[in-house]
């Protein structure tokens with residue numbers, strides 16, 4: 001077992017002459033809740049896109065549990081164990097809540113079922129569908145979404161859509177969960193609730209979590225360690241408390 | 001009365017053929033977000049393949065081999081022509097599709113010549129029903145179409161692959177990030193569409209036993225119209241649009257005064273529907289975020 005669940009080495013990408021991310025080295029230990037913060041346009045979501053192979057890095061590489069991940073396709077990356085949510089929610093809007101989660105379960109080996117078995121409606125198909133449905137319900141229960149399981153995803157209120165995205169990502173059985181601004185648009189009460197949920201996920205699923213967030217209260221309460229990005233480069237890194245008191249970080253946030 | 005019944009059955013069977021082709025357009029559009037204008041020409045290739053494989057003197061075998069041939073063709077077209085353009089501008093893909101269409105037509109002309117070929121797949125004859133003569137081939141077409149549509153709906157609704165298809169059509173990259181192999185889903189879509197096109201080719205041959213290199217063009221355009229009328233991207237929409245167009249065509253042919261304007265009438269319906277309901281009957285409204 002490698003020391004770090006996720007490790008990036010000199011990771012960077014430039015679009016033309018613009019260095020959207022440059023020489024980013026992040027090391028995340030198992031069961032950590034790790035925060036990625038920085039002003040708007042600092043390259044946080046770019047890092048997520050690099051880690052899920054939506055973008056191909058122009059420099060450096062990254063490892064999941066010691067295995068190099070660079071150059072895979074996004075679906076392979078997901079199967080290896082990196083799952084994510086999106087800054088602007090991207091659910092399958094016209095599918096029901098439970099089916100959204102079931103899509104996440106598709107590639108787990110324990111629910112494997114060939115197209116032929118599925119088309120010929122062999123017993124295995126029904127067995128697997130039933131198991132997937134049960135598993136999906138179980139996940140929805142954690143997020144208090146079981147009641148809404150048969151409504152369309154687009155009809156859920158905003159906060160619940162965010163939760164459903166996390167449930168769908170968890171369904172793919174990741175080793176590390178990437179949350180892109182999970183608290184965006186939430187009121188203080190919902191944010192507090194979300195913090196509890198994230199801790200619960202860490203403990204219950206033995207999960208490692210990397211999250212992007214702007215809400216400093218949320219970050220300082222939840223994250224064990226932070227990386228602060230500014231203009232695509234690492235400004236500061238380390239334990240949350242120390243980092244948030246770093247004059248460079250304060251300057252980048254407040255300006256001056 | 002007899003006239004009405006035979007017009008109805010003709011309309012339904014013609015509509016079934018359109019629906020079957022329209023399904024190919026609509027599924028590919030829904031999943032790969034592209035208009036595959038070469039789809040009509042796969043019908044033509046299907047026709048020629050049936051012509052070639054009828055040398056076996058076994059209609060069922062010929063149909064099966066033609067379906068397999070078209071599936072291979074469809075998957076190859078996707079791999080060679082469209083896949084490298086994934087992420088390119090929709091216009092580039094559209095032009096490529098038109099290019100593939102002409103390529104197939106020209107290749108067919110080089111291989112089989114420009115004169116049309118006669119193919120008699122099977123003589124079904126006709127039956128008397130409530131005092132009117134009905135072609136059995138129309139009934140067969142109708143029955144097979146209904147069966148195919150039910151099977152396809154079940155496939156999309158109740159299988160894992162179908163669910164993955166819906167997910168991809170909703171949000172391709174989100175689906176990919178949930179571990180779905182999008183390339184594979186697109187390949188399967190092209191395979192299904194092409195198999196349906198081969199069947200459509202067969203039914204055309206049952207109606208009029210001639211194969212020629214541009215035979216796919218008009219049905220292709222009509223079926224595309226049907227897909228748009230029904231709401232492109234929607235599977236029930238393609239079925240509805242196809243049946244509607246087939247009925248209009250069949251009725252219009254029966255009325256001597258307007259028979260010569262049948263095609264014009266069909267496309268006028270398209271224009272009117274696009275004006276009144278730009279998303280078609282069952283199409284989804286997409287609000288673009290700004």
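The table for this structure:
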| item | result |
| --- | --- |
| Boolean, residue B:217 is surrounded by fewer than 21 Cβ atoms within 10 Å (Cβ to Cβ), within 15 Å of the chain's Cα centre (by Cα) and either closer than 24 Å to residue A:165 by Cα or within 14 Å of chain A (Cβ to nearest Cβ) (or both) | no |
| Flag if residue A:141 is more than 10 Å from chain B (Cβ to nearest Cβ) and either part of a helix (DSSP H, G or I) or more than 21 Å from the chain's Cα centre (by Cα) (or both) | yes |
| Any hit, region B:63-70, residues being at pLDDT 90 or above, surrounded by fewer than 19 Cβ atoms within 10 Å (Cβ to Cβ) and either within 24 Å of residue B:182 (Cα to Cα) or more than 22 Å from the chain's Cα centre (by Cα) (or both) | yes |
| Residue in region A:75-82 that is buried (at least 16 other Cβ atoms within 10 Å of the Cβ), in contact with a strand residue (DSSP E or B) (Cβ under 9 Å, 6 or more places away or on another chain), touching a residue at least 12 places away in the same chain (Cβ under 8 Å) and more than 11 Å from chain B (Cβ to nearest Cβ) present | no |
| Residue identified as farther than 15 Å from residue B:200 by Cα and surrounded by fewer than 19 Cβ atoms within 10 Å (Cβ to Cβ) among B:36, B:57 | B:57 |
| Test: residue in region B:214-222 that is farther than 16 Å from residue B:42 by Cβ, in a helix (DSSP H, G or I), in contact (Cβ under 8 Å) with a residue 12 or more places away in the chain and touching a helix residue (DSSP H, G or I) at 6+ places or on another chain (Cβ under 6 Å) | no |
| Test: residue in region A:6-25 that is within 14 Å of another protein chain (Cβ to nearest Cβ) and either surrounded by fewer than 23 Cβ atoms within 10 Å (Cβ to Cβ) or under 30 Å from residue A:248 (Cβ atoms) (or both) | no |
| Of all residues making up region B:142-156, the number that are more than 8 Å from every other protein chain (Cβ to nearest Cβ) and either in contact with a strand residue (DSSP E or B) (Cβ under 8 Å, 6 or more places away or on another chain) or within 13 Å of residue B:195 (Cβ to Cβ) (or both) | 4 |
| Sole residue being in a helix (DSSP H, G or I) and more than 14 Å from chain B (Cβ to nearest Cβ), chosen from A:199, A:168 | A:199 |
| Residue within region A:114-123 that is outside any helix (DSSP H, G or I), within 12 Å of chain B (Cβ to nearest Cβ) and over 20 Å from residue B:156 (Cβ atoms) present | no |
| Filter result (within 8 Å of another protein chain (Cβ to nearest Cβ) and either outside any helix (DSSP H, G or I) or within 20 Å of residue B:144 (Cα to Cα) (or both)) within region B:157-200 | B:159, B:171, B:178, B:179, B:180, B:181 |
| Qualifying residue in region B:250-262 (condition: closer than 23 Å to residue B:162 by Cβ and either outside any strand (DSSP E or B) or away from every other protein chain (no Cβ under 14 Å) (or both)) | no |
| Matching residues, region A:244-256, being closer than 14 Å to residue A:40 by Cα and either surrounded by 17 or more Cβ atoms within 10 Å (Cβ to Cβ) or touching a residue at least 40 places away in the same chain (Cβ under 8 Å) (or both) | A:249, A:252, A:253 |
| Subset tally (residues that are closer than 15 Å to residue B:188 by Cα and either under 10 Å from the mean Cα position of the chain (by Cα) or surrounded by 24 or more Cβ atoms within 10 Å (Cβ to Cβ) (or both)) for region B:6-29 | 6 |
| Selection within region A:201-248 - in contact with a helix residue (DSSP H, G or I) (Cβ under 6 Å, 6 or more places away or on another chain) and over 26 Å from residue A:30 (Cβ atoms) | A:230 |
| Subset of region A:228-243 (residues that are surrounded by 22 or more Cβ atoms within 10 Å (Cβ to Cβ) and either under 16 Å from the mean Cα position of the chain (by Cα) or free of Cβ contacts under 8 Å to residues at least 24 places away in the same chain (or both)) | A:243 |
| Selection from region A:83-100 of residues that are facing chain B (nearest Cβ under 7 Å) and assigned to a strand (DSSP E or B) | A:84 |
| Where residue B:143 falls short, out of the listed (1) more than 30 Å from residue A:111 (Cβ to Cβ); (2) surrounded by fewer than 17 Cβ atoms within 10 Å (Cβ to Cβ); (3) over 23 Å from the mean Cα position of the chain (by Cα) | (3) |
| Every residue from region A:50-74 that is free of Cβ contacts under 8 Å to residues at least 60 places away in the same chain, within 12 Å of chain B (Cβ to nearest Cβ) and crowded, with 19+ Cβ neighbours inside 10 Å | A:53, A:74 |
| Within region B:30-52, tally of residues that are in contact (Cβ under 8 Å) with a residue 60 or more places away in the chain and in a helix (DSSP H, G or I) | 16 |
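The values are calculated or read from the model by the stated rules, or taken from the named source; none is laboratory data. The structure displayed is predicted, hence computed values, not measured ones. Note that each Cβ is placed from the backbone with ideal geometry, even for glycine, and that neighbours are counted across all protein chains shown.
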